[in-house]
Ligand SMILES: Cc1cc2nc3c(=O)[nH]c(=O)nc-3n(C[C@H](O)[C@H](O)[C@H](O)COP(=O)(O)OP(=O)(O)OC[C@H]3O[C@@H](n4cnc5c(N)ncnc54)[C@H](O)[C@@H]3O)c2cc1C
């Protein structure tokens, strides 16, 4: 039986593993599996951050030549699995960042298994987790860090331009040079979409907010802010039907379909930010612990990582539909491991 099992291999899971391993809990981390279904859902081992080429906002990684450090910190076999660096990249890439956090967790004794947890039994101790492989894992405590996946529109052209003008996170990518002082678009109509649009106005004076209805879903006060903002223009009753661009420049425009029968309209923009929500990876937890209305793991005690089941803790985006950053995920990973350690000590 394990003392602690960590589910998920993004920044939250690996950081929890570093703390649990250094506290002699000998953690077992279940990293997810590479399957066709997971690929379709952008839910792969190493997490969401591994899907992005540039990470400019993780503390400790200013622009600089990391090559010697990466060679010494990451084993050759793992380094060979990293995607090639984009030539113009000056700091750390997403895959490199999470690989470094993994290396630190493994260095301190974390054991890693490739499997997807498909079922949990928290009704008695030890807790039992069942993997898609059929393996059963028994443990005294669990840290759930299974993350979330950004929802995309599902267009073929969207996939082509991810990391080259299509993004699901303005806070992560808005400050990148490719978006500065260029017209940009956000698609969505909720609070998050308006906040993304407002955030982007720090870097450009023209942001189109594209919404499929004739009024925003955002709360009244947030919607009013968007409508009165001098740099935001709302395009009502429209949906992107194709993202235009080329290999050299990335995104150059959008074709917008009308939801009320108007002709298709072409819009010149250099970036599209998709803000149509996130899906938490909590299918395997339904009915097993408390989830929020949106399906994220509920945390009954403010500023703690406890869930509704004692001995089960949570970290990262799976319990956070608000901050959704690698550093906040890593921070709660640290907290969850400390909470698990203290819980075990109290038993
Ligand atoms: C395109 C993109 C760019 C981004 N850029 C930045 C950026 O520049 N800076 C920044 O701070 N943040 C960025 N983010 C956000 C950041 O990546 C996330 O906030 C962060 O990765 C969340 O970490 P996490 O560990 O909570 O979960 P995730 O990264 O989502 O990882 C969850 C892990 O759990 C695994 N998993 C899921 N279900 C199961 C299961 N049932 N069994 C086993 N394993 C499972 C998955 O395989 C995955 O490895 C970006 C996100 C995206 C999508």
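The values are calculated or read from the model by the stated rules, or taken from the named source; none is laboratory data. All values reported here derive from a predicted model rather than from experimental measurement. All Cβ positions, glycine included, derive from the backbone under ideal geometry; neighbour counts span all protein chains shown.
Only strands (runs of 3 or more DSSP E) whose full extent lies in the stretch 243-347 are considered here, and the ones with at least 2 residues that are within 13 Å of the ligand (Cβ to nearest atom) and more than 21 Å from residue 138 (Cα to Cα) are 271-274, 278-280. Within the stretch 67-124, the residues that satisfy the criterion of being closer than 22 Å to residue 35 by Cα, assigned to a loop (DSSP other than H, G, I, E, B) and in contact (Cβ under 8 Å) with a residue 24 or more places away in the chain are 114, 115, 116. Residues in the stretch 150-171 that are surrounded by fewer than 21 Cβ atoms within 10 Å (Cβ to Cβ) and under 24 Å from residue 332 (Cα atoms): 150, 151, 169, 171. Scanning the stretch 131-156 for residues that are assigned to a strand (DSSP E or B) and over 20 Å from residue 311 (Cβ atoms) gives 148, 149, 150. On inspection, residue 316 passes the criterion of being surrounded by 19 or more Cβ atoms within 10 Å (Cβ to Cβ) and touching a residue at least 12 places away in the same chain (Cβ under 8 Å). Quick check: is even one residue across the stretch 171-179 in contact (Cβ under 8 Å) with a residue 40 or more places away in the chain, away from the ligand (no atom under 12 Å from the Cβ) and not assigned by TED's automatic domain parsing to the domain that holds residue 327? Checking the stretch 171-179: at least one residue is in contact (Cβ under 8 Å) with a residue 40 or more places away in the chain, away from the ligand (no atom under 12 Å from the Cβ) and not assigned by TED's automatic domain parsing to the domain that holds residue 327. In this structure, residue 130 does not satisfy being buried (at least 19 other Cβ atoms within 10 Å of the Cβ) and either outside the structural domain of residue 328 (by TED's automatic domain parsing) or in contact (Cβ under 8 Å) with a residue 12 or more places away in the chain (or both). Within the set 143, 113, the sole residue that is farther than 30 Å from residue 248 by Cβ and in contact with a helix residue (DSSP H, G or I) (Cβ under 8 Å, 6 or more places away or on another chain) turns out to be 143.
A quick yes/no check of all residues on (1) over 29 Å from residue 284 (Cα atoms); (2) more than 9 Å from the ligand (Cβ to nearest atom):
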residue	(1), (2)
47	no, no
54	yes, no
83	yes, yes
109	no, yes
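Scanning the stretch 17-40 for residues that are in contact (Cβ under 8 Å) with a residue 60 or more places away in the chain and either within 12 Å of residue 111 (Cα to Cα) or within 11 Å of the ligand (Cβ to nearest atom) (or both) yields a count of 16. Residues in the stretch 3-13 include at least one that is near the ligand (Cβ under 6 Å from one of its atoms), surrounded by 19 or more Cβ atoms within 10 Å (Cβ to Cβ) and assigned to a strand (DSSP E or B).
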